[in-house]
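Below you'll find the structure, written out as structure tokens, and then a few comments.
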Amino acid sequence: MRIWDGKELEGIPEEPEIVVEPLERISDGVILHFSHDHRLKLEISGAYHVEKFCQACSLPIYEGSYYSCMDQCDFILHEACANAPCKKQHAIHAHSLTLRVDNIGFWSDLGYFYCRACGRPSTGFAYEDPKDHNGFQLDLRCASVSEPFQYQGHEHPLFLALMPEEEELEICQICQEEGEKDNGQRKLLTCIECKYIICFKCATLPYKARYKYDNHFLIFRKKEEGNDHHGWCEICESKIVFSRKGGFYSCDDYCSTTVHVDCLLGKYPYMDVVILHNKTMSRPLCHGTEHRCQDKVVFKKENMTFCSLRCIQRYNVILSRFPNLSVSRSTTYLRR
């Protein structure tokens, strides 16, 4: 599907669409992907590995087929992500989008971008419009959304049926946030049968996820599906009932594990390249606040640790004003 950008092209011939394959098949189960220098081998995972993350979408390898580097460099791609086309059309943008794998971030080349459909920061692959000076980019999860969209949490297909002025007034029924915010970085999907509305951010959350202390898949639940059996988050040990906005994950088997979305996936689940997983016994100190980093992930920049993007951004602002400032002195400025 293509949408009109308002420009008349009568008499101007269409440019031929050049199809570029994202990978070269070397042999059965072995490929060379354009994003990586080494060959990748197809593997099938039947167990959840906490340390394995896809470089394209930044999500964990829960189970199923994925490609891993044969040169032992920890480069991994979901099979579906490896087959993502180099160019594609998307219903929320008028022009053809190109897959980019070397993202340059807004803040001093940190390597992350903000998806224009969901507003999430991401370090994975991005579909972008090279002709758009405003930097239109979609992460792989949002770029994979097409109409009709079959959301596992709803019985009817969903569509991009709202006009921009309508999106500003509607609210996502999962996170309760409005659409068309943050310079358009909040698109909504709607059901034309029952008026169910969900934003891209919630619609593209993993419907099934894994928790390292549970042998079963956890299923995403809406806030109204909570009950007395979904009382406490296994990770932060706070009540689910007081934090139902945005839904939660729970196990349908006998173990009854229940966790908050942010506790399971982290506040920035689609960022992997510039972050480390915060799984040590002693939580590291943030160079921006001198507090212990409590989230599932921490951000690393050179020999410094930050607990959030805001801390990194404030640090960059200080450095831009005082370029000769040492690490220890810049940390002092951050704490003021």
Tell me, please, whether a residue that is open to solvent by 80 Å² or more (accessible area, probe 1.4 Å) and at pLDDT below 90 can be found in region 39-50.
-> yes
The condition from (1) touching a residue at least 60 places away in the same chain (Cβ under 8 Å); (2) of a type in the set (A, V, I, L, M, F, W, C); (3) open to solvent by less than 40 Å² (accessible area, probe 1.4 Å) that residue 217 misses is numbered (3)
Go through region 80-91 and count every residue that is over 18 Å from the mean Cα position of the chain (by Cα) and open to solvent by less than 30 Å² (accessible area, probe 1.4 Å).
-> 2
Scan (1) out of contact with any Gly (no Cβ under 9 Å at 6 or more places or on another chain); (2) surrounded by 15 or more Cβ atoms within 10 Å (Cβ to Cβ); (3) touching a residue at least 24 places away in the same chain (Cβ under 8 Å) for the single condition residue 56 breaks and write down its number.
-> (1)
When you scan region 59-177 for helices (runs of 4 or more DSSP H) that lie fully inside it, which ones turn up with 2 or more residues that are closer than 30 Å to residue 217 by Cα?
-> 79-82, 140-143
Residues being farther than 22 Å from residue 195 by Cβ and of a type in the set (Gly, Ala, Ser) - total across region 113-167 = 7
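The values are calculated or read from the model by the stated rules, or taken from the named source; none is laboratory data. Everything numeric in this text was worked out from a predicted model, so none of it was measured. Using ideal geometry, Cβ is built from the backbone for each residue, glycine included, and neighbour counts are taken over all protein chains shown. Note: areas computed on protein heavy atoms with side chains; ligands, DNA, RNA excluded. Shrake-Rupley method; radii C 1.70, N 1.55, O 1.52, S 1.80 Å.
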